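Input: a single structure, listed below in structure tokens.
The values are calculated or read from the model by the stated rules, or taken from the named source; none is laboratory data. Since the model is a prediction, treat every value here as computed from it, not as a measurement. Cβ placement follows ideal geometry from the backbone for every residue including glycine, while neighbour counts extend to all protein chains displayed. In case anyone asks, the SASA skips ligands and DNA or RNA and just uses the protein heavy atoms, side chains included. Shrake-Rupley method; radii C 1.70, N 1.55, O 1.52, S 1.80 Å.
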Amino acid sequence: MAEKKTFPEHVAVIMDGNGRWAKAHNQPRLFGHNAGMQAMKRIVIAAQESGVRYLTVYAFSTENWKRSTEEVQGIFRLIVKYVESELRELKENNVHINILGDYSMLPEASVRSLETLIGETKVNDGLKFNICLNYGGRDEIARAVNELTVKRMEQGLTPAECPVTEEEIARYLYTGSEHFGIPDPDLIIRTSGEERMSNFLTWQAAYSELMFTDTLWPDFGPEEFKQMLSDFGKRDRRFGGRKEEGK
């Protein structure tokens, strides 16, 4: 059985509610996404202050391409804006950035900004801040299986002779040791009152603790975040095992 943790090493967040927040303020959806960027900055700082080692956020899913062209293009412009405004502070605060997902499909300006962000923070050994862009949990698993299949073919291995294991598949996920070496999330938070995973970290979330809040993402602040970190320690995580009698 996995060792009991009283504090989450890895926290993942589904940042939901930007559009509804904008509507409540009689503003266009991009106004909400901009406010969401500011909320993300606050939570990165709160995670650092609290001692979280890995923070993963769901910024743009493989399904988000279905939104209006105006909204999608606006989100990508905000990525460029975020890098330009926050890069110096991220470097000074020793934050290491990873991008999970196929960001090569984003507009050229966004790709350049992301590659600058990755390159400029790669030597940092503080908070590992993982941004999921053009990411989908099922897509990630399919990519991992395909990559593993190619490797096995190169090695002359067949499933009949050597069955594929869960450990092998996990190695080839974006979070796996063949890529970024990120542990599974201990805690996954979703804002805005929705209570579903929406294709986020589908494999990795098998034994994650889940917490939901009605707070819309732009209003989600450090105080509520830190309270959830504290509440995590009260959870009884058994990873499929039984609670021992008298405990």
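Points worth noting:
- Residue identified as on the phi > 0 side of the Ramachandran plot and either crowded, with 22+ Cβ neighbours inside 10 Å or assigned to a helix (DSSP H, G or I) (or both) among Leu148, Leu201: Leu201
- Some residue of the stretch 99-114 being in contact with a helix residue (DSSP H, G or I) (Cβ under 8 Å, 6 or more places away or on another chain) and aromatic (Phe, Trp, Tyr): yes
- Matching residues in the stretch 218-247 - criterion: being modelled with pLDDT of 95 or more and touching a Lys or Arg at 6+ places or on another chain (Cβ under 9 Å): Phe220, Gly221, Pro222, Phe225, Phe232
- Of everything in the stretch 204-219 that is open to solvent by 50 Å² or more (accessible area, probe 1.4 Å) and touching a residue at least 40 places away in the same chain (Cβ under 8 Å), the residue that is farthest from Ala24 (Cα to Cα) is Tyr207.
- Criterion applied to Glu84, Glu71 was being over 16 Å from the mean Cα position of the chain (by Cα), over 30 Å from Asp236 (Cβ atoms) and at pLDDT below 95, and the one residue passing it is Glu84.
- Flag for Leu55 being open to solvent by less than 70 Å² (accessible area, probe 1.4 Å) and within 24 Å of Glu140 (Cα to Cα): yes
- Selected residue (only one of Thr6, Thr62 is open to solvent by 80 Å² or more (accessible area, probe 1.4 Å), over 23 Å from Glu84 (Cα atoms) and among the hydroxyl-bearing types (Ser, Thr, Tyr)): Thr6
- Annotation note: Cβ proximity below 8 Å between a residue of the stretch 146-157 that is under 14 Å from Arg171 (Cβ atoms) and a residue that is of a type in the set (A, V, I, L, M, F, W, C) and open to solvent by less than 60 Å² (accessible area, probe 1.4 Å) (sequence gap 6+ or interchain) occurs for Leu148/Ile169; Arg152/Cys162.
- All positions within the stretch 156-178 that are of a type in the set (Val, Ile, Thr) and open to solvent by 50 Å² or more (accessible area, probe 1.4 Å): Thr158, Val164, Thr165
- Remark: Glu84 falls outside the filter, which requires a residue to be open to solvent by 70 Å² or more (accessible area, probe 1.4 Å) and out of contact with any Ser or Thr (no Cβ under 9 Å at 6 or more places or on another chain).
- Taken across the stretch 3-12, residues that are of a type in the set (Ser, Thr, Tyr), touching a helix residue (DSSP H, G or I) at 6+ places or on another chain (Cβ under 9 Å) and closer than 30 Å to Arg237 by Cβ do occur, with at least one present.
- Filtered residue count, the stretch 195-227, keeping only those that are out of contact with any helix residue (DSSP H, G or I) (no Cβ under 8 Å at 6 or more places or on another chain) and more than 30 Å from Val145 (Cα to Cα): 5
- For the residues Arg138, Arg238, Arg196, the requirement of being open to solvent by 80 Å² or more (accessible area, probe 1.4 Å) and not in a loop (DSSP other than H, G, I, E, B) singles out Arg138.
- Condition met for Gly181 (without any contact (Cβ under 8 Å) to a residue 24 or more places away in the chain and either within 18 Å of Ser230 (Cβ to Cβ) or open to solvent by less than 60 Å² (accessible area, probe 1.4 Å) (or both)): yes
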